[in-house]
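The values are calculated or read from the model by the stated rules, or taken from the named source; none is laboratory data. These numbers come from a predicted model, not from an experiment. Positions of Cβ are generated from backbone atoms using ideal geometry, with glycine treated the same way; all protein chains shown enter the neighbour counts. The accessibility values were calculated without ligands, DNA or RNA, using every heavy atom of the protein model including side chains. Shrake-Rupley method; radii C 1.70, N 1.55, O 1.52, S 1.80 Å.
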Amino acid sequence: MAIRLNHTILTAHDRDATAAFLIDILGLQPSRRYGPFLVLQLSNDISLDVLGSEHAIGGAGLGADGTVTPQHYAFLVDDPEFDAILARIKDRGLPFWGDPFHRHAGVTNTWYGGRGVYIDDPNGHSIEVMTAPYELD
């Protein structure tokens with residue numbers, strides 16, 4: 001069997017609000033509950049399992065002071081999905097950037113022959129949405 005990523009955990013201050021935010025912005029199906037997680041199923045058989053900081057197992061995703069440690073999550077989408085996601089970002093008045101360092105506000109990038117945008121979720125996680133994967137040397 002080939003090695004494939006099955007799921008990853010996204011630690012959040014407020015599990016329910018974070019799952020609702022991602023469902024809304026990314027246009028995902030409603031979450032499913034699995035123990036302390038709200039599971040967001042992605043179309044490539046990978047799930048994003050949202051865990052509230054009060055349930056973080058062994059401090060997973062938490063700083064020493066109990067704060068959520070921001071992570072980066074990148075989503076590869078097609079052009080129609082990108083257009084719909086960007087429209088939802090703009091409709092909700094969310095700040096967005098064309099780069100991960102927040103230097104180019106209010107624009108999208110055109111890297112690798114596609115388009116990309118970055119937003120922050122309510123926990124400070126960097127959410128990247130792109131239409132073309134990176135071309136690695």
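Using only the Cα atoms of the stretch 8-49, build the gyration tensor, take square roots of its eigenvalues as a ≥ b ≥ c, and label the shape rounded, prolate or oblate: rounded if a/c is under 1.5, else prolate if a/b is larger than b/c, else oblate.
Taking the square roots of the gyration eigenvalues as a ≥ b ≥ c, the stretch 8-49 is oblate.
Of the accessible area of the chain, with the probe set at 1.4 angstrom, what percent is carbon plus sulfur?
C and S atoms contribute 54 percent here.
So what's the gap between the Cα centers of the stretch 92-112 and the stretch 28-53, to the nearest angstrom?
Going from one Cα centre to the other spans 26 Å.
Within 10 Å, at most 12 other Cβ atoms, and a DSSP state outside H, G, I, E, B define an exposed site. Report the longest part of the chain free of exposed chymotrypsin sites (Phe, Trp or Tyr not before Pro).
The answer is 1-100.
Select one label from (i) -0.67, -1.18, -1.27, -1.35; (ii) -0.67, -1.00, -1.07, -1.13; (iii) -0.79, -1.03, -1.09, -1.15: the one whose number is log10 I(q)/I(0) by the Debye sum over Cα atoms at q = 0.14, 0.19, 0.20, 0.21 Å⁻¹ as derived from the coordinates shown.
The value computed from this structure is option (i).
Which net charge results for the neighbourhood of Asp83, defined as the other residues with beta-carbon distances under 11 angstrom from its beta-carbon, given Lys and Arg at +1 and Asp and Glu at -1?
Residues close to Asp83 contribute a combined charge of 0.
Using Cα atoms only, what is the angle between the long axis of helix 15-26 and the major principal axis of the chain, expressed in degrees (0 to 90) to the nearest 10?
Helix 15-26 and the main axis of the chain meet at about 20 degrees.
Within a Cβ distance under 13 Å of Leu40, other residues only, what is the Lys/Arg minus Asp/Glu net charge?
-2
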